[in-house]
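The values are calculated or read from the model by the stated rules, or taken from the named source; none is laboratory data. This one's a predicted model, so the numbers in the text were calculated from it and none came from an experiment. Because the Cβ atoms are built from the backbone with ideal geometry, glycine has one as well, and the counts that use them run over all protein chains shown. For accessibility, only protein heavy atoms count, side chains too; no ligands or nucleic acids. Shrake-Rupley method; radii C 1.70, N 1.55, O 1.52, S 1.80 Å.
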Amino acid sequence: MKLCSACLLGIKCRYDGKSNLNKKIIRLLKKEILIPVCPEQLGGLPTPREPACVNGKKVVTESGKDVTKNFKRGAEAVLRIAKLYGIKEAIMKQGSPSCGSKKIYSVSKKLIKGIGITAKLLKKNGIKVISEEEL
């Protein structure tokens, strides 16, 4: 059993109301239980919503609104789910300000080295985080 970014499972929860359906993830469902999570929705943000990025220790939207509390609340909710089910691994969407495990989008909309809020909290708590690119 693993956690998985809900968007990778075809759930339309991205900031723009779309999904990131991933065929490898769907094939993995035949062998593995995947629990869908969207930290941004769990943190109280709507779908669709304004795009956001990590800017230092904060998460801000394109218009400059600070949504750090929402991102942290969502990360904590995902961690509670992981602990509840004894999850040891999560497959998270690369590039996301919540889920990116090695890369996130910068304020200038460029993919940079970095880690999302949820991925960071999961790793800190001993949960292996991989991206869909690593499958």
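When you go through VAL78, VAL59 one by one, which is the residue that is open to solvent by less than 20 Å² (accessible area, probe 1.4 Å) and not in a helix (DSSP H, G or I)?
VAL59
If SER98 satisfies every condition in (1) in contact with a strand residue (DSSP E or B) (Cβ under 9 Å, 6 or more places away or on another chain); (2) open to solvent by 10 Å² or more (accessible area, probe 1.4 Å) but one, which is the exception?
(2)
Looking at the stretch 101-118, which of its residues are open to solvent by 80 Å² or more (accessible area, probe 1.4 Å), farther than 17 Å from LYS128 by Cα and touching a Gly at 6+ places or on another chain (Cβ under 8 Å)?
Across the stretch 101-118, the qualifying residues are TYR105, LEU111.
Hey, which of the strands (runs of 3 or more DSSP E) in the stretch 94-135, taking only ones fully inside, have at least 1 residues that are more than 25 Å from GLU62 (Cα to Cα) and β-branched (Val, Ile, Thr)? Walk me through it before giving the result.
Values: elements: 103-105, 111-113, 128-131.
Those strands (runs of 3 or more DSSP E) span 128-131.
Closer than 14 Å to SER5 by Cβ, open to solvent by 100 Å² or more (accessible area, probe 1.4 Å), modelled with pLDDT of 95 or more and in a loop (DSSP other than H, G, I, E, B) - does that describe any residue in the stretch 21-34?
Yes, the stretch 21-34 contains at least one residue that is closer than 14 Å to SER5 by Cβ, open to solvent by 100 Å² or more (accessible area, probe 1.4 Å), modelled with pLDDT of 95 or more and in a loop (DSSP other than H, G, I, E, B).
Out of THR47, THR61, report the one residue that is farther than 13 Å from LEU121 by Cβ, touching a Phe, Trp or Tyr at 6+ places or on another chain (Cβ under 8 Å) and of a type outside the set (Phe, Trp, Tyr).
THR47
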